Amino acid sequence: MKRIGVLTGGGDAAGMNAALRAVVRTAWRHDAEVIGIKQGWLGLAEGTYETMVPGSVSGILQKGGTILRTFRYPQFATPEGAAPVGRTLKKLKLDGMVVIGGDGSFRGAAKLEREFGLPVIGVPATIDNDIPGTDYSIGFDTALNIAIDAVDKVRDTATSHGRIFVIEVMGREYGLLAAQTAIATGAEEVLLPEVPWKIDDVCRRIAESYQRGKHHALIIVAEGAGKASYVSFEIKARLQRDVRMVVLGHVQRGGAPSGFDRIMASRLGHHATELLFEGQHGLMVGVVANKVQTSPLEKKTKAGPKSVLRDARLMELLV
Ligand code: F6P
């Protein structure tokens, strides 16, 4: 293996840089050349890349985002979008590739294997933590801590004013980020895509908590569960109380990676590269029970966080 490529795809996640650093440094130890593809799949289509040496990744371990940049490129799924990728691969003559990203990137990675015969190893990186085969994906822990910090701050003003706050948390169709944010902040309510909910029940539970003497409420809404604007409008109309809304949005994707994400990203980036040099491919590296494990690149969806919510209700953590 003389020449490997590396790209970051999909939504950026804190810790992608740490993973990239580990890939470059590990490959360097094997005397291989590393080609960093710019802007993910778009860079592969347009042929924009740079040769990376350890100096290219110095000082990036603690940086948020991705220095390689990223881009949503759904066109890769089509023959027209894939054709220029084939041309770039022919020119680059790569022996393997590490793809750092989420499920969309892994579909792309599997296509690289299938249609272009390129050995690929995937490294899971998305704040959603919705990728099967790993307990955590890079960026989730950082995003969770950002959300916790934000909700704690909102709580101060909610209790001071005696208001209801509806706070929307990212995570696409997967509710784990919202569920864990709710548990860690002692929120009164959480709405998840995986658990059917009715606005009537939400209002009833909040009204009952007020009868028990509460004078504020924090309601976490996973973005895949519904619109925070709808929830806050209905609560205000039905309970006739002061309601405010906060959409955390892309704030959750930025900032320096947590210690947990830095370490996990470094481990996974290193292992992914070592696997390529061992001749393995078509796999994703993940962390299961704190051990690095591999699973196929293409697989089913991850089980939802229903049990997390059930535990929270059993522990009386929600209203
Ligand atoms: O998949 C990561 C994620 O941040 C989701 O939580 C969110 O739904 C989506 O990306 C937002 O995508 P974009 O950055 O393209 O708006």
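Below, the figures for the structure above:
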item	result
Hey, ILE146 within 25 Å of LEU191 (Cα to Cα), assigned to a helix (DSSP H, G or I) and hydrophobic (A, V, I, L, M, F, W, C) or not	yes
Test: residue in segment 303-317 that is without any contact (Cβ under 8 Å) to a residue 40 or more places away in the chain, open to solvent by less than 60 Å² (accessible area, probe 1.4 Å) and more than 30 Å from VAL98 (Cβ to Cβ)	yes
Odd one out for GLU80 among (1) farther than 22 Å from MET284 by Cβ; (2) away from the ligand (no atom under 16 Å from the Cβ); (3) open to solvent by 30 Å² or more (accessible area, probe 1.4 Å); (4) within 20 Å of the chain's Cα centre (by Cα)	(4)
Near pairs, Cβ below 9 angstrom, 6+ apart or cross-chain, from segment 228-254 (within 19 Å of LEU177 (Cα to Cα) and open to solvent by 20 Å² or more (accessible area, probe 1.4 Å)) to any residue that is among the charged types (D, E, K, R) and part of a loop (DSSP other than H, G, I, E, B)	ARG253/ASP12; GLY254/ASP12
The one condition in (1) in contact (Cβ under 8 Å) with a residue 12 or more places away in the chain; (2) closer than 30 Å to GLN240 by Cβ that LYS111 fails to fulfil	(2)
Segment 35-70, residues that are without any contact (Cβ under 8 Å) to a residue 40 or more places away in the chain and either part of a loop (DSSP other than H, G, I, E, B) or not assigned by TED's automatic domain parsing to the domain that holds VAL120 (or both)	LYS38, GLN39, THR48, VAL53, SER58, GLY59
Tally, over segment 114-124, of residues that are surrounded by fewer than 20 Cβ atoms within 10 Å (Cβ to Cβ) and either within 15 Å of the ligand (Cβ to nearest atom) or among the small types (Gly, Ala, Ser) (or both)	1
Condition check for VAL221: open to solvent by less than 20 Å² (accessible area, probe 1.4 Å), part of a helix (DSSP H, G or I) and within 16 Å of ILE164 (Cβ to Cβ)	no
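A quick yes/no check of all residues on (1) in contact (Cβ under 8 Å) with a residue 24 or more places away in the chain; (2) closer than 27 Å to GLY279 by Cβ; (3) surrounded by 19 or more Cβ atoms within 10 Å (Cβ to Cβ):
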{"position": "SER105", "(1), (2), (3)": "yes, yes, yes"}
{"position": "THR126", "(1), (2), (3)": "yes, no, yes"}
{"position": "PHE140", "(1), (2), (3)": "yes, no, yes"}
{"position": "ARG155", "(1), (2), (3)": "yes, no, no"}
{"position": "ALA158", "(1), (2), (3)": "yes, no, yes"}
{"position": "HIS161", "(1), (2), (3)": "yes, no, no"}
{"position": "LEU176", "(1), (2), (3)": "yes, no, yes"}
{"position": "ALA184", "(1), (2), (3)": "yes, no, no"}
{"position": "GLU208", "(1), (2), (3)": "yes, no, no"}
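The values are calculated or read from the model by the stated rules, or taken from the named source; none is laboratory data. All values reported here derive from a predicted model rather than from experimental measurement. Note that we place each Cβ from the backbone using ideal geometry, even for glycine, and neighbour counts take in every protein chain shown. For accessibility, only protein heavy atoms count, side chains too; no ligands or nucleic acids. Shrake-Rupley method; radii C 1.70, N 1.55, O 1.52, S 1.80 Å.
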